[in-house]
Amino acid sequence: SLTDTLTGLPNRRYAEMILEQIFSTYNRYSSNCVVMFIDVDKFKSVNDIKGHNAGDRLLKWIAEFLQKNVRKSDIVFRLGGDEFVVICPEISLDNGISTANKLITQLNETSNMFFAEYWKPSLSIGLCSISEQNSSIEAVLRKADEAMYQSKQNGGNLATAST
């Protein structure tokens, strides 16, 4: 299966298939692409306070939010738990950082009455662009994941880029 059963988004397996195609395009044309690794800040507390049904509802809501607030050419995936990946083809790292910051701002400005009592909208985002130094799926995902953890360690609700 290539679909996450909870959110309906493509899953990790599908993300890796898409990234293989993007790497082929990069190797041929040196085209830009940024990968965003996104983690929902303080998600565990939602499950702990309100239970897994509320956590599942929040994950579905985040999936919809991401799909609505990225370009049509961007692809949103759920890796598992509260981790999402957005693949942004044909975009520079600087524009990817702007996009990530815009997502954080839009989420902060979004009010959702259901979650407001126990979750403050917040994402930690790590970015990595495909390059000669980051020339494998594993390398790009690892660096984007490391950058996301840097965002979390710096208080969350933040985008950090890896080079």
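The values are calculated or read from the model by the stated rules, or taken from the named source; none is laboratory data. Since this is a predicted model, take the numbers as computed values, not measurements. Positions of Cβ are generated from backbone atoms using ideal geometry, with glycine treated the same way; all protein chains shown enter the neighbour counts. To get the accessible areas, we keep the full protein, side chains included, count just its heavy atoms, and leave off ligands, DNA and RNA. Shrake-Rupley method; radii C 1.70, N 1.55, O 1.52, S 1.80 Å.
Things worth noting here:
- Percent of C-alpha pairs per 5 Å bin in region 8-94, short distances first: 3, 13, 23, 21, 16, 10, 7, 4, 2, 1.
- Chain lengthening between residue 118 and residue 154 when straightened (0.36 nm per residue, less Cα-Cα): 10.8 nm
- Dipole size of region 108-163 about its Cα centre, with +1 on Lys/Arg Cβ and -1 on Asp/Glu Cβ: approximately 100 debye, rounded to the nearest 20.
- Ordering 63, 131, 53 by Cα displacement along the dipole of the chain toward the positive end leaves 53 in first place; charges were set at the Cβ atoms of Lys, Arg (+1) and Asp, Glu (-1).
- Peptide packing: for 119-128, 85-94, 24-33, 2-11, the average count of neighbouring Cβ atoms within 10 Å per residue gives the ranking 119-128, 85-94, 2-11, 24-33, highest mean first.
- Dipole of the chain, positive direction: furthest Cα of 80, 93, 18, with charges on the beta-carbon: 80
- Heavy-atom accessible surface of the chain: percent carbon and sulfur, 1.4 Å: 46 percent
- Angle between the chain longest axis and helix 137-153 axis [Cα atoms, degrees, rounded to 10]: 40 degrees
- Entries in 50/120; 102/152; 60/143; 68/102; 120/152; 44/152 that, when Cα-Cα distance is taken, lie over 21 Å: 60/143
- Solvent-free Debye calculation, one equal scatterer per alpha-carbon of the chain: log10 I(q)/I(0) at 0.21 Å⁻¹ equals -1.44.
- Between helix 93-109 and the chain: long-axis angle, C-alpha atoms, 0 to 90°, nearest 10: 10 degrees
- Residues in region 1-118 average 54 Å² of solvent-accessible surface per residue, probe 1.4 Å, ligands and nucleic acids excluded.
- FRET efficiency for residue 90 and residue 57, using Cβ-Cβ distance with R0 set to 25 Å, rounded to 0.05: 0.15
- Computed from point charges on the beta carbon alone (+1 for Lys and Arg, -1 for Asp and Glu), the dipole magnitude for region 62-130 about its Cα centre is near 120 Debye.
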